[in-house]
Every structure is written in structure tokens, then in C-alpha cells.
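Working notes, beginning with the structure itself.
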Amino acid sequence: MMSEKITTLRTKEGYVVVAPDPHSGWKIDGNELRTDLSLANVRAAAIPNACVLTAAELEQLVECEGSKDQRRKVMFVDWQGLLPRVRGGGWYAIRVQPGFQRMAAPIAGAPEYRLGETIIERHLREAGLDVYMPAFWVEVRVRRKKRFRTRRLPLLVGYAFVRHDPGRGFEVIREVDGVNSIVSLRDRFTPSAFREEDIGNIMLDMFRHRLSHEYNRIHRIEEAKEKQTARLMTNLGRAVKGRNRTSSLKEHAAACMESMPTTARQHVQGIIDHLDALQDDEALDEFREPVYISR
């Protein structure tokens, strides 16, 4: 297995136009990142049922042992912002009962915007309601293990937002398991609506936190991989001698193993196995610190 090093060269934020697709649900128009919101809106207006979402494009350099370096672009799309554009109505804050903002059991094959879904979000979506719960991601080390677990935690503990048409009444929200009540002002008896602009700003801020978390996670993984690879390659170089410049150290070690004593052969094979294991990101958890992006 070849060693691969990924370096992020540039991050560009902007917008993408997405439209309904019969095969994949939603599809990015042309896989293109647009930096001008006005032009993105013009393009979306020309496509039936299309909308504009916030996105970021990462340009990465992929360095592979024994092959030519390559450049690639990775797109991160704020699919969470898709829901409020699908239906009409206004935003209303709900009070969530304790325990319902824990992450729910994952659903196999669920779309990207449902990753890290909480219990209250699942209940509301299953009731046919659009929900947005501001949240951020952290990594925690599993007790007595060397692996990390990624958790999504609520930004506003005890609260979430529901997009709803007040003409339908609010009993459909109150009846959902996990909903305590709907927020309203003291001098009013009806729930108070929040501005689309305010909710949009929260969504954008949370999306940037998500990007920051992912960028730091990738950076720490690559940093740990580079350090551990250098350490293992040094140990491998001490175990085998006489390598020519036309072959890699791993190839030379594999060729020399047949003529080695059993103990030395097992030692070299162990180093090679550790090098191959570094291609699994989870195997590097014990060599790095967790990623925590504060609120």
C-alpha cells in the first residue's frame, strides 16, 4: 500500500446551485463554486426548483510514494441549508426536553445533512417538519481505547428551530415526542417567528465551524502520519542495508526478508505492517490530539 500525503493549498468559500435529481436526490449544477451570490441566484432562477447553498472548495496536493504528485479539489456543501428552502413558512423556536438533543443511532444510507442527527431532529423530520438545530462537532477519546469518536453537540442547549406555516396550527409541533413547548413572548399568546436572515447567519456560522473542524482533523491526521512514517522508515533503514537508489526502502526490505533470520524477518515485517496500517486514519488517533472547535 502506497504512502499518501495530503496538503491543503487553498480554501475558497462561495455558493453552489443545486437542483432536484431523480437519481441522487439533489445535484450540484456543473460542480461549480460561484463566488458571486447574485450570479448564483440568477443561475438558480433558470433551473426549475433549484436553490443556492453555501459551500467551500479545498484545493489539495496529493503526494504518493512512487507516483507523480496530483492536485485535486474537494467540495464541502452546506446541505443542512437545503431544508429551509424546500418549504414555505417562518422559523419558530422550540424548547426541547432533556435528553432529546443526544445523537440518535445512525441510519444506513442517510443523506449527508442527517449525519450526526439528534433524537429531536429525527422525531420532527419523521413528523414531516423542517428542523434546524445549531450545533458544533468535537472529538472525544473512547474510554480505555485509542480511538476517537466524533460527536455533534447543540449550540443552544434546550432549543431548536422549526420552519412551519402558522396557518397549519402549532399542535402538530407540540405533539412531537421531545418538544416541551414553543417559544413566545410574555405579552403574546402566539409563538414568535424569527427572521430568515437571522437563522441564515447562524447556519453560515455553524457551517464555517464545521469546515474548521474538518480542516483541523485532516491536518492533525496528516501531521501524525508524517511523523510516524518518518519514525518507522528510520527504523526500517537501520534494519536493512545496501539499498540502491532505483528502489524504495520498503521494496528493498521486502526483497531482503527471505535471506534474513527469523527474528530479523519478523521485525522488518512488523515495521512494514505498521507502515501499511498508517493508511487507516483511525489507526493514527493514538498519535494525535482530538479536535475541538469552541463555540
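Scanning the stretch 161-190 for residues that are closer than 15 Å to residue 100 by Cβ and open to solvent by 30 Å² or more (accessible area, probe 1.4 Å) turns up 174, 175, 177, 180, 181.
Restricting attention to the stretch 53-63, does a residue exist that is open to solvent by less than 30 Å² (accessible area, probe 1.4 Å) and over 26 Å from residue 205 (Cα atoms)? The answer is yes, given that some residue of the stretch 53-63 is open to solvent by less than 30 Å² (accessible area, probe 1.4 Å) and over 26 Å from residue 205 (Cα atoms). Per the conditions (1) farther than 25 Å from residue 7 by Cα; (2) open to solvent by 30 Å² or more (accessible area, probe 1.4 Å), the sole criterion not satisfied by residue 257 is (2). For the stretch 232-250, filtered to residues that are loosely packed, with under 13 Cβ neighbours inside 10 Å and closer than 26 Å to residue 287 by Cβ, the residue that is modelled with the lowest pLDDT is 238. Filtering the stretch 73-128 to residues that are modelled with pLDDT of 85 or more and either of a type in the set (Asp, Glu) or within 19 Å of residue 51 (Cα to Cα) (or both) leaves 91, 117, 121, 126.
The set of residues from the stretch 94-108 being surrounded by 12 or more Cβ atoms within 10 Å (Cβ to Cβ) and among the aliphatic types (A, V, I, L, M) comprises 94, 96, 103, 104.
On the stretch given as the stretch 161-184, residues that are out of contact with any helix residue (DSSP H, G or I) (no Cβ under 9 Å at 6 or more places or on another chain), in a loop (DSSP other than H, G, I, E, B) and small (Gly, Ala, Ser) total 2. Looking only at the stretch 129-160, residues that are part of a loop (DSSP other than H, G, I, E, B), open to solvent by 30 Å² or more (accessible area, probe 1.4 Å) and either in contact (Cβ under 8 Å) with a residue 12 or more places away in the chain or in contact with an Asp or Glu (Cβ under 8 Å, 6 or more places away or on another chain) (or both) come to 5 in all. Among the residues making up the stretch 260-294, a single one is modelled with pLDDT under 75, in a loop (DSSP other than H, G, I, E, B) and surrounded by 12 or more Cβ atoms within 10 Å (Cβ to Cβ): 293. Say whether the condition of being of a type in the set (D, E, K, R) and under 23 Å from the mean Cα position of the chain (by Cα) is met by at least one residue in the stretch 93-108. The answer is yes, given that some residue of the stretch 93-108 is of a type in the set (D, E, K, R) and under 23 Å from the mean Cα position of the chain (by Cα). Among the criteria (1) among the acidic types (Asp, Glu); (2) at pLDDT below 85; (3) in a loop (DSSP other than H, G, I, E, B), the one residue 205 does not fulfil is (3). The combined condition, being in contact with a helix residue (DSSP H, G or I) (Cβ under 6 Å, 6 or more places away or on another chain), of a type outside the set (A, V, I, L, M) and not in a strand (DSSP E or B), is fulfilled by residue 100.
The values are calculated or read from the model by the stated rules, or taken from the named source; none is laboratory data. Since the model is a prediction, treat every value here as computed from it, not as a measurement. Ideal geometry is used to build each Cβ from the backbone, glycine not excepted, and the neighbour counts take in all protein chains shown. For accessibility, only protein heavy atoms count, side chains too; no ligands or nucleic acids. Shrake-Rupley method; radii C 1.70, N 1.55, O 1.52, S 1.80 Å.
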